[in-house]
Amino acid sequence: MKKLSARRRHPLAAVVVLLLALAATGGLYAAFAPAGKAQADETAQSLAIDEGKKLYTVGCASCHGTGGQGTSDGPSLVGVGSAAVDFQVATGRMPAQQPGAQVPKKPVIYTQAEIDQLAAYVASLGAGPITPTDKQVDPAGADVAKGGELFRNNCAQCHNFTGKGGALTKGKYAPDLEGVSPKHIYEAMQTGPQSMPSFPDTTMPEQQKKDIIAYIQTVNGEDTASPGGLELGGLGPVSEGLFAWIFGLGALVAIAIWVAAHTAKAKKS
């Protein structure tokens, strides 16, 4: 009986065994769960690249080459990154309808999911600017005054002081920025589409890009008033003064002619 009593398990033994089992299970989860998630993400990315390649072959390869190497009809896409693809395709500029001095904005023909797949494939051809997140392009809390200063120093020469756009050389032009989404403005600064220079984060940090976006949205917002009356495209006091001079002087000349004509008739009578 004494031997049997000595072999009897302690009442807490079952609890200890259970805790050890749970610890082992947790250790196994910690060891394998991250790898499983990474593998799932990698699989999803591979699927996106495969689908993007199919879309690319149908809609892009004829101009940019079967491997994105470029042709006489389109530049190389190696190293342009996903941000360039998202900007060009999500604004309808690509696929281009016809060659020309500049590819205009037009209705989008792809869904956002398809655009993401195209971007994933092109990004796989070579590292480049990455499509920004919602947090990166959110101008909430940005410095509008600083954004205005940056915009006037870096952008107004082509886009006008309030982003109304303007003509460039050889049939090119800087587009109107009113109504353009923050994401696409950010991507344009990242990638420098067409005649525009690029402003990577090493040249223009993320916060400065947010400041510029905030400025563009503010000066083109519905609540923004023009203290001078008619804004005339926001071209500034020179254009407004020229408008007043031409039409004002023209009106005075017309009045003078009318008065002279009626005075002559009065004298004859």
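The values are calculated or read from the model by the stated rules, or taken from the named source; none is laboratory data. Because the structure is predicted, anything quoted here is derived from the model rather than measured. Methodologically, a virtual Cβ is constructed for each residue, glycine included, from the backbone with ideal geometry; neighbour enumeration extends over all protein chains shown. Quick note on the areas: whole protein, heavy atoms, side chains included, nothing else; ligands and nucleic acids left out. Shrake-Rupley method; radii C 1.70, N 1.55, O 1.52, S 1.80 Å.
Only one of these is closer than 22 Å to Glu222 by Cβ and open to solvent by less than 60 Å² (accessible area, probe 1.4 Å): Thr162, Thr191. Name it. Step through it out loud before you land on a result.
Values: Thr191 fails: closer than 22 Å to Glu222 by Cβ.
None of the others qualify; the one that does is Thr162.
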* Asked: Applying the selection to the stretch 116-140, what residues are buried (at least 21 other Cβ atoms within 10 Å of the Cβ) and not in a loop (DSSP other than H, G, I, E, B)?
  -> Gln117, Leu118, Ala119, Ala120, Tyr121, Val122, Ala123
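Can you tell which of Met204, Met189 is more than 23 Å from Leu242 (Cβ to Cβ), at pLDDT 95 or above, part of a loop (DSSP other than H, G, I, E, B) and not basic (Lys, Arg)? Please lay out each step first, then the result.
Working: Met189 fails: part of a loop (DSSP other than H, G, I, E, B).
Unique residue meeting the criteria: Met204.
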* **Total residues in the stretch 97-113, condition free of Cβ contacts under 8 Å to residues at least 60 places away in the same chain and buried (at least 16 other Cβ atoms within 10 Å of the Cβ)** => 1
* Asked: Among (1) over 18 Å from the mean Cα position of the chain (by Cα); (2) modelled with pLDDT of 90 or more, where does Ala167 come up short?
  -> (2)
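Only one of these is open to solvent by 30 Å² or more (accessible area, probe 1.4 Å) and in contact with an Asp or Glu (Cβ under 7 Å, 6 or more places away or on another chain): Asp143, Asp176. Name it. Let's see the steps before the verdict.
Working: Asp176 fails: in contact with an Asp or Glu (Cβ under 7 Å, 6 or more places away or on another chain).
Within the list Asp143, Asp176, the selection yields Asp143.
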* **Close pairs (8 angstrom Cβ cut-off, 6 or more residues apart or separate chains): under 23 Å from Ala127 (Cβ atoms) in the stretch 78-96, crowded, with 21+ Cβ neighbours inside 10 Å and among the acidic types (Asp, Glu) anywhere** => Ala83/Glu187; Ala84/Glu187; Asp86/Glu187; Phe87/Glu187
* When the stretch 165-179 is examined, which residues are found to be assigned to a loop (DSSP other than H, G, I, E, B) and touching a residue at least 24 places away in the same chain (Cβ under 8 Å)? -> Leu168, Lys170, Gly171, Lys172, Pro175, Leu177, Glu178, Gly179
* Evaluate the following for Arg93: is it at pLDDT 65 or above and either open to solvent by less than 40 Å² (accessible area, probe 1.4 Å) or not in a helix (DSSP H, G or I) (or both)? => yes
* To do: Quick one: count up the residues across the stretch 96-115 that are within 17 Å of the chain's Cα centre (by Cα) and in a loop (DSSP other than H, G, I, E, B).
  => 8
* To do: Kindly indicate the residue of the stretch 51-67 that is in contact (Cβ under 8 Å) with a residue 40 or more places away in the chain and more than 22 Å from the chain's Cα centre (by Cα) and also least open to solvent (accessible area, probe 1.4 Å) among those meeting that condition.
  => Gly67
